[in-house]
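Got a structure here, written out as structure tokens. Questions coming.
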Amino acid sequence: MADLFRDEAQNGEEAVREDAPLADRLRPRNLGEVVGQEHLTGPEGAIGRMIAAGRLSSIIFWGPPGTGKTTISRLLADAVDMRFEPISAVFSGVADLKKVFATAREHAKLGRKTLLFVDEIHRFNRAQQDSFLPFVEDGTVTLVGATTENPSFELKAALLSRAQVLILRRLDSDALEKLLDRAEALTGRPLPLNPAAREALVASADGDGRFLLNQAETLYSVNIPEPIDSAGLSALLHRRVAVYDKDREGHYNLISALHKALRGSDPQAALYYLARMLVAGEQPLYVLRRIVRFASEDIGLADPQALIQCLAAKDAYEFLGSPEGELAIVQACLYCATAPKSNAAYTAQKAAWKSARDTGSLMPPQNILNAPTKLMKEIGYGKGYAYDHDVPEGFSGDNYWPEEMQPQSFYHPADRGFEKRIAERIAYWNDLRAKARG
């Protein structure tokens with residue numbers, strides 16, 4: 001399988017065909033030309049330090065598409081004079097890996113070390129990942145894997161323990177502008193864009209350098225006599241689809257950001273993350289379920305209407321569907337973001353559940369038990385029960401806890417919103433209870 005890459009696998013500078021894609025023609029020739037990853041490639045970065053020491057450890061590059069994972073890996077091999085052997089986990093299996101390892105071992109006997117670059121390494125299953133371990137361990141290969149997925153979820157701990165995880169950042173606007181400048185210098189032609197359209201082109205790439213250069217190449221291929229504006233650019237090109245895997249880390253990152261923005265009472269940020277999820281194709285009912293949970297966990301009785309608003313939004317969305325029903329989700333989101341916050345009910349639940357597990361099967365006091373049979377009455381069930389509505393204040397102050405257990409306090413209302421009134425009621429009842437028992 002490595003033969004598929006043989007033309008690309010030779011170290012040193014190579015002649016690039018004039019008809020090659022623009023992104024390929026602009027591929028950096030040394031690590032100093034890599035843009036946007038200076039935190040790794042600079043003198044104080046992990047890669048910079050490895051190069052200065054002349055020795056590479058195994059690496060997992062984790063980052064979005066189009067940020068330079070493959071390019072940096074190739075340049076690393078050049079910088080420390082190693083064979084560059086690339087494979088793709090999409091096309092390779094165990095048989096292909098065995099051939100790669102056998103070849104690397106033969107080169108090792110001749111004193112030639114091998115950098116094995118594995119693109120999309122997260123696509124290898126657990127057994128395939130295990131096959132790397134002995135060859136990484138004995139130095140037959142130095143493994144450099146590239147993945148767009150969180151290695152913590154996708155790669156085995158045994159493999160991660162033998163490699164450094166280095167995070168590549170999405171390219172910022174300055175880095176993307178440098179790529180456009182290089183494209184113009186290489187072609188000798190300015191991009192046919194006015195300043196606003198150029199800014200829109202950079203934004204449309206969403207941090208993906210490869211996508212940006214492909215867009216630029218499309219612009220060069222079209223005969224545009226005069227610079228076009230943002231509207232003309234939008235009509236000619238499409239935006240990059242937002243990176244969002246609904247069952248992977250992007251999904252969990254955004255729902256976490258939404259929850260934290262709601263908890264932090266920032267309606268603008270909450271609405272932004274809500275939009276990010278829905279625009280990217282998240283199921284609206286999933287988002288609604290999380291907002292309903294938020295209403296119970298982070299608002300609770302500080303504003304009892306929050307849960308009602310969220311359930312009404314669910315009914316409205318199920319009745320209207322998309323896109324009309326999405327406005328109801330927005331309303332629920334904004335209501336929760338601007339509501340007073342309290343996690344007192346959530347904290348009380350956890351404390352009560354723990355107490356229930358710890359105390360087992362303690363019997364409630366007999367006076368608060370029903371006595372539907374003669375025997376139960378004879379042995380004291382219900383004896384001495386004080387009916388609260390028959391006493392002053394509608395409050396008897398009776399004891400409701402098992403005899404073997406001291407009264408507990410699980411719920412502590414916050415001094416905010418409706419819970420402030422609840423706290424006043426509880427204090428009032430506690431005072432009456434103390435007087436009744438005194």
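Could you list, in sequence order, all residues of segment 382-438 that are touching a residue at least 60 places away in the same chain (Cβ under 8 Å) and assigned to a loop (DSSP other than H, G, I, E, B)? Explain how you work it out, then say what you get.
Of the residues in segment 382-438, the ones touching a residue at least 60 places away in the same chain (Cβ under 8 Å) are 410-414, 416-419, 422.
Result: F410, Y411, H412, P413, A414, R416.
Answer with yes or no whether S256 is out of contact with any Lys or Arg (no Cβ under 6 Å at 6 or more places or on another chain), within 24 Å of A414 (Cβ to Cβ) and either in a helix (DSSP H, G or I) or at pLDDT 95 or above (or both).
Numbers: out of contact with any Lys or Arg (no Cβ under 6 Å at 6 or more places or on another chain): yes; within 24 Å of A414 (Cβ to Cβ): yes; either in a helix (DSSP H, G or I) or at pLDDT 95 or above (or both): yes.
Here the answer is yes, as S256 does meet what is asked.
Check whether at least one residue in segment 272-280 is among the charged types (D, E, K, R) and assigned to a helix (DSSP H, G or I), and report yes or no.
Applying the first criterion (among the charged types (D, E, K, R)) to segment 272-280 yields 276.
Filter again for assigned to a helix (DSSP H, G or I), leaving 276.
Yes, segment 272-280 has at least one match.
Could I ask something else about it? Against the conditions (1) farther than 20 Å from H39 by Cβ; (2) open to solvent by less than 10 Å² (accessible area, probe 1.4 Å), where does L168 fall short? Just the number, please.
The number of the failed condition is (1).
Okay, next question. Please verify whether segment 126-135 includes one or more residues that are within 16 Å of A158 (Cα to Cα) and open to solvent by less than 20 Å² (accessible area, probe 1.4 Å).
Pass one, segment 126-135, residues within 16 Å of A158 (Cα to Cα): 126-135.
Of the ones still in play, those that are also open to solvent by less than 20 Å² (accessible area, probe 1.4 Å) are 129, 132.
Yes - at least one qualifying residue is present in segment 126-135.
Might you let me know whether segment 363-375 holds any residue that is surrounded by 15 or more Cβ atoms within 10 Å (Cβ to Cβ), of a type in the set (G, A, S) and under 24 Å from F418 (Cβ atoms)?
Looking for residues that are surrounded by 15 or more Cβ atoms within 10 Å (Cβ to Cβ), of a type in the set (G, A, S) and under 24 Å from F418 (Cβ atoms), one finds none in segment 363-375, hence no.
Scan segment 386-404 for residues that are of a type outside the set (F, W, Y) and surrounded by 11 or more Cβ atoms within 10 Å (Cβ to Cβ) and jot them down. Full working, then the answer.
Narrowing segment 386-404 to residues of a type outside the set (F, W, Y): 386, 388-394, 396-399, 402-404.
Within segment 386-404, A386, D388, V391, E393, S396, G397, D398, N399, P402 meet the criteria.
Tell me which residues, restricted to segment 150-164, are in a loop (DSSP other than H, G, I, E, B), of a type outside the set (S, T, Y) and surrounded by fewer than 20 Cβ atoms within 10 Å (Cβ to Cβ). Steps first, please.
Narrowing segment 150-164 to residues in a loop (DSSP other than H, G, I, E, B): 150, 155-156, 161-163.
Keeping just the survivors that are of a type outside the set (S, T, Y) gives 150, 155-156, 162-163.
Across segment 150-164, the qualifying residues are N150, K156, R162.
A further question on this structure: Just to verify a result, which residue in segment 83-100, among those that are assigned to a helix (DSSP H, G or I) and crowded, with 21+ Cβ neighbours inside 10 Å, is modelled with the lowest pLDDT? Quick ask: steps written out before the conclusion?
From segment 83-100, those assigned to a helix (DSSP H, G or I) are 94-100; that's our starting set.
Narrowing further to those that are crowded, with 21+ Cβ neighbours inside 10 Å: 97, 100.
Values: L97: 88, V100: 91.
So the residue we want is L97.
Exactly one condition in (1) within 20 Å of the chain's Cα centre (by Cα); (2) more than 18 Å from M50 (Cα to Cα); (3) open to solvent by 20 Å² or more (accessible area, probe 1.4 Å) is not met by T147; state its number.
(3)
Taking segment 270-291 as the search range and keeping residues that are more than 27 Å from H122 (Cβ to Cβ) and open to solvent by less than 30 Å² (accessible area, probe 1.4 Å), which one is modelled with the lowest pLDDT? Before the answer, list the steps.
Initially, segment 270-291 is screened for residues more than 27 Å from H122 (Cβ to Cβ), giving 270-272, 274-275, 284-285, 288-289, 291.
Now restrict to residues that are open to solvent by less than 30 Å² (accessible area, probe 1.4 Å): 270, 274, 284, 288, 291.
On the way: A270: 95, L274: 95, P284: 92, L288: 95, I291: 97.
Here the answer is P284.
Suppose we filter P402, P407 for residues that are farther than 30 Å from I291 by Cα and in contact with a helix residue (DSSP H, G or I) (Cβ under 9 Å, 6 or more places away or on another chain); which single one remains?
Numbers: P407 fails: in contact with a helix residue (DSSP H, G or I) (Cβ under 9 Å, 6 or more places away or on another chain).
Step by step, each of P402, P407 is checked, and only P402 is farther than 30 Å from I291 by Cα and in contact with a helix residue (DSSP H, G or I) (Cβ under 9 Å, 6 or more places away or on another chain).
Inside segment 101-125, can you point out the residues that are within 19 Å of F61 (Cα to Cα) and open to solvent by 30 Å² or more (accessible area, probe 1.4 Å)? I'd like the intermediate steps shown before the answer.
First pass over segment 101-125, keeping only residues within 19 Å of F61 (Cα to Cα): 114-125.
Selection gives D119, E120, R123, N125.
Go through (1) out of contact with any Lys or Arg (no Cβ under 9 Å at 6 or more places or on another chain); (2) free of Cβ contacts under 8 Å to residues at least 60 places away in the same chain; (3) of a type outside the set (D, E, K, R); (4) over 16 Å from R182 (Cα atoms) and name the single condition L31 misses.
The single condition L31 does not satisfy is (4).
Being surrounded by 17 or more Cβ atoms within 10 Å (Cβ to Cβ) and without any contact (Cβ under 8 Å) to a residue 24 or more places away in the chain is the filter here; which residues of segment 316-362 pass it?
A316, A328
Let me ask something additional. Can you name every residue in segment 405-426 that is open to solvent by less than 60 Å² (accessible area, probe 1.4 Å) and hydrophobic (A, V, I, L, M, F, W, C)?
M405, F410, A414, I422, A423, I426
Give the number of residues within segment 397-420 that are among the hydroxyl-bearing types (S, T, Y) and at pLDDT below 90.
Filtering segment 397-420 for residues among the hydroxyl-bearing types (S, T, Y) gives 400, 409, 411.
Still in the running and at pLDDT below 90: 400.
Count: 1.
For a quick check of your reading of the model, give me the residue pairs whose first member lies in segment 369-381 and is farther than 21 Å from D398 by Cα, whose second is of a type in the set (S, T, Y) and surrounded by 10 or more Cβ atoms within 10 Å (Cβ to Cβ), with beta-carbon atoms closer than 9 Å and at least 6 apart or on different chains.
Hits for this filter: P372/Y381; T373/Y381; L375/Y381.
Does L213 satisfy the condition of being part of a helix (DSSP H, G or I), open to solvent by less than 30 Å² (accessible area, probe 1.4 Å) and not aromatic (F, W, Y)? First the steps, then the outcome.
On the way: part of a helix (DSSP H, G or I): yes; open to solvent by less than 30 Å² (accessible area, probe 1.4 Å): yes; not aromatic (F, W, Y): yes.
Yes, satisfied.
Now, a different point. Within segment 222-253, restricting attention to residues that are at pLDDT 65 or above and of a type in the set (S, T, Y), which residue is farthest from R198 (Cα to Cα)?
Checking each candidate, the answer is Y252.
Okay, next question. Does T71 fit the bill of being in a helix (DSSP H, G or I), open to solvent by 10 Å² or more (accessible area, probe 1.4 Å), within 30 Å of A205 (Cα to Cα) and not hydrophobic (A, V, I, L, M, F, W, C)? Walk me through how you get there before you give the answer.
Working: in a helix (DSSP H, G or I): yes; open to solvent by 10 Å² or more (accessible area, probe 1.4 Å): yes; within 30 Å of A205 (Cα to Cα): yes; not hydrophobic (A, V, I, L, M, F, W, C): yes.
It is true that T71 is in a helix (DSSP H, G or I), open to solvent by 10 Å² or more (accessible area, probe 1.4 Å), within 30 Å of A205 (Cα to Cα) and not hydrophobic (A, V, I, L, M, F, W, C).
Just wondering, is there one or more residues in segment 45-62 that are part of a loop (DSSP other than H, G, I, E, B), modelled with pLDDT of 85 or more, aliphatic (A, V, I, L, M) and under 30 Å from A95 (Cβ atoms)?
yes
Within segment 123-145, identify whether any single residue is of a type in the set (D, E), under 22 Å from L75 (Cβ atoms) and touching a residue at least 12 places away in the same chain (Cβ under 8 Å), and answer yes or no. Even if it seems obvious, please write down each step before you answer.
Just the residues of segment 123-145 that are of a type in the set (D, E), to begin with: 130, 137-138.
Among the residues that remain, those that are also under 22 Å from L75 (Cβ atoms) are: none.
No, segment 123-145 contains no residue that is of a type in the set (D, E), under 22 Å from L75 (Cβ atoms) and touching a residue at least 12 places away in the same chain (Cβ under 8 Å).
The values are calculated or read from the model by the stated rules, or taken from the named source; none is laboratory data. Remember, it's a predicted structure, so these values are computed and weren't measured experimentally. Glycine gets a Cβ as well: all are built from the backbone with ideal geometry, and neighbour counts include every protein chain shown. Calculation scope for accessible area: heavy atoms of the full protein, side chains included, ligands and nucleic acids excluded. Shrake-Rupley method; radii C 1.70, N 1.55, O 1.52, S 1.80 Å.
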